[in-house]
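Okay, structure first, notes after.
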């Protein structure tokens, strides 16, 4: 079966801009979790969506937001980009609360 | 909140040797302990997991052991090969997965 698809793979944005990242989960999976990965902080939980509802949220500022559509595809948005937002953003598709996470290859965001 | 510590941060071994990575956690309610492998340019991939009702689980050259009393669990890789070189992450569950800080494993031919 097809894996988790994240688009785009790479992005370069300027400070102050906003960005939208997309994640298409494995067919049949209704849960999507987003993580930010940086060398200094590791994998940090952003939020989780299940059936179009945000079920959980990490400790990130309100500039980070997300949503999920009826086909389970999810998007995350970061507004007013800062240099520190440069990171690999990973999406995980899963059928249950925490079991069987399947990650996509991520979107590498660079803020200049 | 849950805290996951992972050691060592880097590990270099000769091909054929064994590698052991250890994690400790703080929340006694955690009951699911997966391990992920991340290769360059890819997302983390689940390689093995264990639930709290089991003390050890093996899958070919990979094994995980769990000590719930001491709140630690370990990944064991035997007969290491160069393709085992990657970053390995442990994780524990709360209402989400919390990841350790990662171990960069290098296997030298």
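The values are calculated or read from the model by the stated rules, or taken from the named source; none is laboratory data. Small disclaimer: the values here were computed from a predicted structure and weren't measured. Glycine also receives a Cβ, built like all others from the backbone with ideal geometry; neighbour counts cover every protein chain displayed.
Kindly evaluate residue B:108 against the criterion of being in contact (Cβ under 8 Å) with a residue 40 or more places away in the chain and surrounded by fewer than 18 Cβ atoms within 10 Å (Cβ to Cβ). So that I can check it myself, show each step before the final result.
Details: in contact (Cβ under 8 Å) with a residue 40 or more places away in the chain: yes; surrounded by fewer than 18 Cβ atoms within 10 Å (Cβ to Cβ): yes.
Yes; evaluated as a whole, the condition is true for this residue.
So, of the residues in the stretch B:26-65 that are more than 11 Å from the chain's Cα centre (by Cα) and part of a strand (DSSP E or B), which turns out to be farthest from residue A:4 (Cα to Cα)?
Here is the first cut: in the stretch B:26-65, the residues more than 11 Å from the chain's Cα centre (by Cα) are B:26-32, B:38-45, B:51-61.
This time we only want the ones that are part of a strand (DSSP E or B), so: B:32, B:38, B:45, B:51, B:56-59.
Working: B:32: 22, B:38: 15, B:45: 12, B:51: 25, B:56: 30, B:57: 27, B:58: 27, B:59: 24 Å.
Per the criteria, the residue is B:56.
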For the stretch B:14-30, how many residues are in contact with a strand residue (DSSP E or B) (Cβ under 6 Å, 6 or more places away or on another chain), loosely packed, with under 15 Cβ neighbours inside 10 Å and modelled with pLDDT under 95? 0
When residue A:29 is evaluated against the numbered criteria (1) modelled with pLDDT of 95 or more; (2) part of a loop (DSSP other than H, G, I, E, B), which criterion, by number, is the only one it fails? (1)
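Being closer than 23 Å to residue B:40 by Cβ and not in a strand (DSSP E or B) narrows it down to one of A:93, A:105, A:72, so name that one.
Values: A:93 fails: not in a strand (DSSP E or B); A:72 fails: closer than 23 Å to residue B:40 by Cβ.
That would be A:105, the only listed residue that is closer than 23 Å to residue B:40 by Cβ and not in a strand (DSSP E or B).
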Looking at the stretch A:32-63, which of its residues are under 19 Å from residue A:4 (Cα atoms) and part of a loop (DSSP other than H, G, I, E, B)? A:51, A:52
Can you tell me how many residues within the stretch B:68-100 are assigned to a loop (DSSP other than H, G, I, E, B) and either away from chain A (no Cβ under 11 Å) or at pLDDT 95 or above (or both)? 10
Among (1) crowded, with 18+ Cβ neighbours inside 10 Å; (2) within 20 Å of residue B:98 (Cβ to Cβ), residue A:68 falls short only on (2)
